[in-house]
1. Enter the accessible area of T268 (Å², nearest 10), with the probe set to 1.4 Å and all protein chains included.
2. In the chain, how many lysine pairs have Cα atoms under 29 Å apart, counting only pairs 8 or more places apart or on different chains?
3. By its C-alpha gyration tensor, with a ≥ b ≥ c as the square roots of the eigenvalues, how is region 132-276 shaped: rounded for a/c under 1.5, else prolate for a/b larger than b/c, else oblate?
4. Dipole magnitude of the chain about its Cα centre, charges +1 at Lys/Arg Cβ and -1 at Asp/Glu Cβ only, in debye to the nearest 20?
5. What whole-number value in Å² describes the accessible area per residue of the chain for a 1.4 Å probe?
6. Under a 10 Å cutoff between Cα atoms, tell me which one of I235, I30, I94 has the largest fluctuation in the Gaussian network model of the chain.
7. What does the helix-only formula give at 222 nm for the chain: each DSSP H stretch with n ≥ 4 adding -39500 (n - 2.57), the total divided by the residues, and the result rounded to the nearest 500 deg cm²/dmol?
8. With a cut-off of 8 Å between alpha carbons and a minimum separation of six or more residues, what is the relative contact order of the chain in percent?
Amino acid sequence: MSENYDKRRKVFDMIGRTYAFICAFLLIVITVSIFYFVATKGLSTFIIDKRSIKEFLFGTLWKPDRPNDQGGPAIGSLQFILGSVFVSVFAILISTPLSISAAIFMVEIAKKFGRNLLQPAMEIFVGIPSVVYGWIGLTVLVPFISKYFGGLGFSMLAGILVLTIMVLPTITSVSTDAIKSLPWEIREASYALGATRWQTIRKVVLPAAKPGILTAVVLGLARAFGEALAVQMVIGNSPSLPFSFLQPMSTITSIITMDMANTVTGSTWNNALWSLALLLLLISFGFILIIRLVGRRSMYK
């Protein structure tokens, strides 16, 4: 009977390993296929349409449907790149201190209150669809900005505030897990040396949780950079350089979602949008690389 049990266990182990290998292989194939498809489409702008990378990355004129007798299509995308950078970075600058403070409050100060109220609230925020954030921003935030700050209300400021609320739960949740994972002994050692709670938090807990908090910030930045629908609803979608917080503008994701359905496959306009998608994919890979580097650095400390 023991031999039959060992045989069945070996069979099940073999089936499990084979299934895991197949799933991992499919995941790799799908990832490589997506990258190959987007890269093939995105590089058509430079290979087939003979457009220069310099014009695409540093040009500021976006008229991809302009006729040839008027100078031909212009595909400068610097305003979209800067729009994505400005909106994402300012959203992170606002949300990061709030998120870290909330994580410290939930883990170090009011554990019961944080566990019973704040953490469920953050989980609810994570589950809210992007369109809901965008709709609230469109009906509440945009009129508020227009009334009290001037302009149309559709602006970079509206996009920043919407993204701030959207990335807040992500950074808070990951930062909370990073702080919770620290051994309690380091706090007790700090208290034994005469440190107060705030000194322990500032000089012991935060430095020890720094790799996890940095990972949270990068994840939040990646979420902000890739967000499309909510930002598109409040930002104004104007293909112009952002010189003011109250000025309408566009991001990489918003211009892709706005224009892709209006283009003909294989046209210069369509290829330029695929090039923007390829750029966004490369930026996402960059964020993943940064997260891995931060995680690897924390392992060797």
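The values are calculated or read from the model by the stated rules, or taken from the named source; none is laboratory data. Just so you know, these numbers come straight off a predicted model, no measurement behind them. As a convention, Cβ positions derive from the backbone with ideal geometry for all residues, glycine included, and neighbour counts pool all protein chains shown. These accessible areas exclude ligands, DNA and RNA; they are computed on the full protein's heavy atoms, side chains included. Shrake-Rupley method; radii C 1.70, N 1.55, O 1.52, S 1.80 Å.
1. 30 Å²
2. Step by step, the pairs that qualify in the chain add up to 17.
3. Prolate is the answer for region 132-276, as a/c is 1.5 or above and a/b outweighs b/c.
4. It works out to roughly 900 debye.
5. Accessible area per residue, the chain: 57 Å².
6. Checking each option, the largest mean-square fluctuation is seen for I30.
7. Helix contribution divided over all residues of the chain: -22000 deg cm²/dmol.
8. Answer for the chain is 25 percent.
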